[in-house]
Structure formats: C-alpha cells, structure tokens
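What follows draws every value from the coordinates through simple rules; no lab data is involved. Treat the numbers as computed from the prediction; the structure is a model and nothing was measured.
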Amino acid sequence: MGNFHTSRCKINEGSMKDSYSAYDRISAVLTRISEELPDVPLFLSLHNLCATLKCTSPSAVIFRSAMINAGYRSSGTHMNPLGLKSDAPMDVIWDIMRCWANFARVVASLGKAQAKKVARFLPNPERHLGPKLRAGCQITSKLIIALLGIEAVNGHMNHQKTENAENANTES
C-alpha cells in the first residue's frame, strides 16, 4: 500500500456508490487503513497475548489507554478486528499484560465456599417445584386436566349431572 497512509484521497461517493455493490465494505476497509499508524509495520493480537498468560482479555480500549498513559501511540489494524498496532517496545507491552494478569483475579477475593467449589445453588428436590399459577387467573378444564388428570374432570362432570337430576326431581 506504500504511501496510502500519508495521502489524502477524496472519493466521489455519488458515482462510486452506484457503480460498486461492495462500496460500503471498501469504504470501511479504506477508513480503517487511514486510521492505522503508518510507521508501525506489524500488529499484535491481544487475545494471543492473553492466551500466552492464560488470563482474560482486557477490552481494546483499556489496553490502548494503558499504552497511551505509558506515553506510546496505539491504533487498530485493518487486517484483524482484534489486532492492535503500537510503537511501544515489547517489554512495555508485556509489563502492561502482567499487570492485567495480576489484577484479573485473586483467589482471596472469592468466598470460602466458592474457593472450595461447594455448590451454593442446589437443583430442585422434586419435579415441578417452582412458581405456581398467578393469583386471580381463571381455571379452565385444560388446566384442571393438566394438573389433576382426566379422571378428576370426568368425576366432576358425573357429579354435576347427578346434582342436576336431583334438583329437577325435587322441583317437580
């Protein structure tokens, strides 16, 4: 790419956008290239650094802020969305990563039960344990069948028929 980093290109967006279906993608890549540090040829993968140290990865913003606070320049890269370019020497980068790895997690910060890996939330002891029906909802025959079974509904219906027959006999 050579001098692309130092040159300022003006693109006629109207004619280019209509001519190329991938205009948005091309524009995004060119924008990322223009934001890179031009004098830094290589980039770092923050996730690879963290994999080496076996620690969680800080966000790119936090890592770049640490490099800027140390007095170095930093930018993203067009090749890798997780890649970073910096003029910081590797000693400084590893110092920042060591500080992050030491800060990340301390066993003493865990509770005694967590450190011993004791279960704190046990599974339900019986089936269907949990929240019940909402107060004030209407009970339908489908709900009764689901809860009590079809025999309960049939028994209730037979009981209603006998009551209706008895009421009809007493009225006449």
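Would you mind checking which residues have amide H under 5 Å from ASP87's amide H? H placed 1.01 Å from N; only 5 or more apart, or other chain.
Residues meeting the amide H criterion: ARG73.
Please list, ordered by chain and number, the residues whose modelled amide H lies under 5 Å from the amide H of HIS78; skip anything fewer than 5 residues away on the same chain.
For HIS78, no residues qualify.
Assign one of three labels to the range 37-102, namely rounded, prolate or oblate, based on the Cα gyration tensor with a ≥ b ≥ c the square roots of its eigenvalues; rounded applies when a/c is under 1.5, prolate when it is not and a/b is larger than b/c, and oblate otherwise.
Since a/c reaches 1.5 but b/c is at least a/b, the shape of the range 37-102 is classed as oblate.
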